[in-house]
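Below is one structure; the comments refer to it alone.
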Amino acid sequence: MRGHDSPAPEVATSTGALQLRARERRERILDAALQVFTRRGYREATMDDVAIAARTSKGGVYFHFPGKEALFLALLDRSAQLLLRRTNEALATAPDPAGKLDAALDVILRLFSEHHALARLFLVEALAAGPAVHHALIEVRYRFATLIASELERAQEQGAIPPLDAHLAATACFGAVYEVVTQWLLSGQPAELTQAAPELRRLLRRMLGIPESPENRKT
């Protein structure tokens, strides 16, 4: 016999279906917001624009996000999670410090190259947003630098690189990549972002004291 506190199967199924539809609508709104913010810019974009692009009601947008800033922050969080997950996966398969540096760099450049609109949104359009967005961006950079710093500390323990301030070095590495990507977004140079990888890789290795093998010097 079913207990008094157990929901009826049809009720549980209905609740699950509603939650699934809500998650799908939320993702659809986020996808639409990315298009709107990229096309109109953060300042000019409105929640009405997002509702139209998402093919839902304005009330449906506000049900998930109380305002434009909250919507932008949700987009930032989703993108940061993707970047960190992909970087973690790449670092896990690389065998040594040089390989881990190359893996992290390749992931970042490839992801920004493949998602140009996303890169422009958070590296350019976010400058027009408020303090909450700026704070969130700083937090994302800190999380990424912490991830890289942990790998540098491990490399120091193994004697693979000379002693250094791991978090400062990781922050400098991320800052260098950030500036290269921003320059590409604003000027279109290099024509393909991945063209910057070989020279950027060499510069970062020298900064971190990672020795280059003969084959690496040719890349």
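The numbers here are math on the coordinates, done by the rules we state, and not lab data. Source: prediction; values computed, not measured. Backbone-built Cβ (ideal geometry, glycine too); neighbour counts: all protein chains shown.
Between the Cα long axis of helix 197-208 and the first principal axis of the chain there is an angle of about 70°, rounded to the nearest 10.
Roughly how tilted is helix 166-187, in degrees to the nearest 10 and between 0 and 90, from the longest Cα axis of the chain? Once rounded, the angle reads 70 degrees. Rounded to the nearest 10 degrees, the inclination of helix 131-157 to the longest alpha-carbon principal axis of the chain is 40 degrees.
If packing is taken as the average count of other Cβ atoms within 10 Å, what order do 181-189, 35-43 fall into, highest mean first? Before the final figure, lay out the partial values.
Numbers: 181-189: 13.9, 35-43: 17.2.
Per-residue mean Cβ counts within 10 Å order the peptides as 35-43, 181-189.
Estimated from helices alone, the mean residue ellipticity of the chain at 222 nm is -25500 deg cm²/dmol (sum of -39500 (n - 2.57) over DSSP H runs with n ≥ 4, per residue). Rounded to 0.05, the FRET efficiency of the Val124 and Glu44 pair, given R0 = 22 Å and the Cβ-Cβ distance, is 0.95. In this label model, Ala92 and Leu20 are separated by 2.7 nm, measuring between points 7 Å along each Cα→Cβ vector. In this structure, Ala117 and His167 have a Cβ-Cβ separation that, at R0 = 41 Å, corresponds to a calculated FRET efficiency of about 0.85. Among the listed options (1) 18.6; (2) 19.8; (3) 19.3, the one matching Kirkwood radius over Cα pairs in Å as calculated from these coordinates is (2).
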